[in-house]
Structures are given as structure tokens and as C-alpha cells.
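To start, the structure itself, in C-alpha cells.
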Amino acid sequence: MDARKAERHKHVASELDAFAHWYVAPDPSSAGHFLTLTLFAEFPDTLRVARDMTATFLQGAGADEAVDDARLIVSELVGNVVNHAVPDRCLARPGGTRRIDVTFKLWPKWLFVGVTDEDSTPPLLPLGDTFSPGLLGELSEAVLPDSGRGLLIVQRLAAAVWWTQEEPGGKTVWCRFDLDGGTGDRQL
């Protein structure tokens, strides 16, 4: 039982360490690499630019092992904004474009990716149809409707996924990758 408690304590400590690195403001003298990219939902190449800039940033920072999964996650999250986000009343501008900010915080152990939009509606997975657990097997995502699969992909690829409310409106969907040398269960 003591070994189980020690392992649980180690896991909680590593999660708190990761959270502390997500929360900290970027410091140019730290061991991290940081980038915020601003895009607009109405631009026809928004998704391509988001994927390409993700790869360019991560390769330039030496995190090649994270490129494929991070590109897919950024594509899914930015695609959700392009296809579903409706700006909050306080942020809406008649004839205006919808702003999307993609934030990268890369530390030696973790990569944090955040996609900010102007819609405060929480991101939710659809429930799908109810089936007997014996019929589902390992393909539970096969019973989801066509919408909502992107967030399921994000949850499967990232070590953690959460969202934060922004002031005066909007939200950021965050995800964390545990990189080589990281302390989480998911390593790229």
C-alpha cells in the first residue's frame, strides 16, 4: 500500500509541476520557447497557416517529436473556431472578423497549446447514442455523431485538456503534451 501511495504522490507532484509551468508568464531568460499566433476565422487559409506555423515553431525549437500530434490538435481546435464559434455580444463587431489566438508554451518536459476564440460557450463532447458496453468494444468513438470527433481526437492525443474563461469574453481550450523526459503517462 505504501508503494501505491508513493506512486500517487509522485503523479500528483508531477501534475502540479506541469500546472505551475502552464500558469507562469513567459520569461525570455527561461528554458522555454513561446509563441502566440493571431489568425482570423474568415481567412481562407487559416487552418493551413495554423498547421504550418505549428510545425515551424516546434521544429525550430527542437521539439520534432511533437510536430505531428500538435499539428493535428491545432487543426482540430482552430477548425472548431472557424466552423462553430459565435463571438460573445461584447466582442462582436458588425462586419468584423473572428479572432483566433494560438499560444505555444514549450518547456523541456511539456508542450502547452492554447486556442483562444471570442465565444464563451464551453467546449463539449456530444454524448452519442447509447449502446450496450459489450457492443462497443474498443471503438467507442465510432458511435459519436459526425460533430464532436475533433475534441475526442484532442483528448486522445494530449496528456491533459481543459479550458479557461477569458475576460471580457471568449475562452481558451488548452492541451498539454508530456515530452521525452516528462513525468506524465503520455509521451510522444
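Laboratory data are not the source of any read-out in this text; all were calculated from the coordinates shown. On a predicted model such as this, the values are computed, not experimentally measured, just so you know. Positions of Cβ are backbone-derived with ideal geometry, glycine not excepted, and every protein chain shown enters the neighbour counts.
See the values below:
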item: Contour excess over end-to-end distance, with Cα ends at residue 121 and residue 155 and 0.36 nm allotted per residue; result: 10.4 nm
item: Whole-Hz ³J(HN,Hα) from phi, Karplus 6.51 cos²θ - 1.76 cosθ + 1.60, for the stretch 56-61, glycine and proline x; result: 4, 4, 5, 5, x, 8
item: Cut-off 11 Å between beta-carbons: net charge of the residues surrounding residue 168, Lys and Arg +1, Asp and Glu -1; result: -3
item: Length added when fully stretched, residue 72-residue 49, from 0.36 nm per residue minus Cα-Cα; result: 7.0 nm
